[in-house]
Amino acid sequence: MEFVPEEGKHLHEDCSTLILPTLSIGNVGQLVADLLISSMGSERVGYLDDPNVLPCVGNDAYGPFPQGDLALPLEAYDSPSNALTIIQQRSPVVKGMMIEFAKNMADFLAGSGKKHIVVLSSLDFGKWQKVDMSSGLQIYYLSSSNSNGTDENCEQLGWKKLQEYDPSQMHWKYLSDLAEGNVTVEDITSVEDELEEENYYASLPFAALFSFLKAKGLKVPCLLCYCSEGDNISDAFQLGDAVCKLLQLSHPTTGIEGGKWRVPLSWMSVYGPPPDVSIF
């Protein structure tokens, strides 16, 4: 993975915390990255080039007015006032190359001096075994702080550990062994299909990134929420609020004016114009 800086810009050394969304159902992590970049007035400092990410190109995503700046698959934004870097991923990883991508990303982030990586992902509502909507959207987490995935800080914030995480379970152990170099991808190729069918959670991109980042000795909390495909903007607001609580970004000096999100320009056309009421 190669970092290509914008002309005259670079990754700020003071930005030791990084937000990393992963592609999953509803793309809630990407929507949260959009909110943070737009609301904090973050500046794009460069791009990440990795052969395992599918190419794509789009128009200026944030505005407030379109400038004609092209958006690419992997972009890096810095918010020095919040000591925060945000990665935005706009296209999926090539099928079968997630392990290689996770390895490349972990190598790059560890080498660039990042210490605290917050991974964001959504989970398929249809896989939720114990549905509890009594308090609205429930935030789940998985953390590198302890071997069993627990984190005292996350618990104090009222979040629940992802119960499906068991480091001794075969599929999670495969990821850990890969990240630590105890086995190779070739050693487990025969069980890849089984991995996806038998353990949905360990087959998701966040699981591979969590394992490889953790193996680098980085502090890695994953913030997770269940959702369905559709309009996931409300899910993004709630997961974004969780990020702010975790990183204590809720005070006015964060640049999120008055505690309100600044919706990015690109969201104006996500679901098209409202329906013509005359048809009803």
Subject >> Given charges at beta-carbon only (K, R positive; D, E negative), |dipole| of the chain in Debye >> reply: 780
Original post:
Around Cys222, with a cut-off of 14 angstrom between Cβ atoms, what is the net charge of the other residues, counting Lys and Arg +1 and Asp and Glu -1?
Top reply: +2
Original post:
Dividing the alpha-carbon radius of gyration of segment 134-180 by 2.2 N^0.38 Å (N being the number of residues), what value is obtained?
Top reply: 1.31
**OP:** With 24 Å as the limit, write out which pairs from Lys103/Lys245; Lys114/Lys245; Lys127/Lys173 have Cα-Cα distances beyond it, or answer none.
**Re:** Lys103/Lys245
**OP:** Determine the dipole magnitude for segment 1-128: charges of +1 sit on the beta-carbon of Lys and Arg, -1 on that of Asp and Glu, nothing else is charged, the reference point is the Cα centre, and the result goes in debye to the nearest 20.
**Re:** 480
Subject >> Stretchable slack from Val270 to Glu180, in nm (0.36 nm times residue separation minus alpha-carbon distance) >> reply: 28.4 nm
**OP:** Could you tell me which of rounded, prolate or oblate describes segment 1-76, using a ≥ b ≥ c as the square roots of the eigenvalues of the alpha-carbon gyration tensor, with rounded for a/c under 1.5 and, failing that, prolate when a/b is larger than b/c and oblate otherwise?
**Re:** rounded
**OP:** Could you pull out every residue, at least 5 positions away or on a different chain, whose amide H is within less than 5 Å of the one on Leu84? Hs are placed 1.01 Å off N in the peptide plane, and Pro or chain starts have none.
**Re:** Ser79
Original post:
Protein chains only, probe 1.4 Å: how do His10, His116 rank by accessible area, largest first?
Top reply: His10, His116
**OP:** Run the accessible area of segment 31-152 with a 1.4 Å probe and give the carbon-and-sulfur part as a rounded percent.
**Re:** 55
**OP:** Using only the Cα atoms of segment 18-135, build the gyration tensor, take square roots of its eigenvalues as a ≥ b ≥ c, and label the shape rounded, prolate or oblate: rounded if a/c is under 1.5, else prolate if a/b is larger than b/c, else oblate.
**Re:** rounded
Original post:
Can you work out the FRET efficiency for the pair Tyr200 and Glu6, with r the C-beta to C-beta distance and R0 = 35 Å, to the nearest 0.05?
Top reply: 0.40
Original post:
For Asp124 and Val94, what is the calculated FRET efficiency with R₀ set at 22 Å and r taken between the beta-carbons, to the nearest 0.05?
Top reply: 0.55
Subject >> Rg over Rh, two decimals, the chain (C-alpha only, Kirkwood Rh) >> reply: 0.96
Subject >> Summed side-chain charge close to Gly111 - residues other than Gly111 whose Cβ falls under 12 Å, Lys, Arg +1, Asp, Glu -1 >> reply: 0
**OP:** Assuming R0 = 25 Å, can you tell me the calculated FRET efficiency for the pair Val277 and Asp231, based on Cβ-Cβ distance, to the nearest 0.05?
**Re:** 0.85
Subject >> Accessible area per residue in Å² at 1.4 Å probe, computed on the chain >> reply: 49
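The values are calculated or read from the model by the stated rules, or taken from the named source; none is laboratory data. Here the structure is a predicted model, which is why all the values come from computation and not from measurement. Cβ coordinates were reconstructed from backbone atoms using ideal geometry, including for glycine residues, and neighbour counts include every protein chain displayed. In case anyone asks, the SASA skips ligands and DNA or RNA and just uses the protein heavy atoms, side chains included. Shrake-Rupley method; radii C 1.70, N 1.55, O 1.52, S 1.80 Å.
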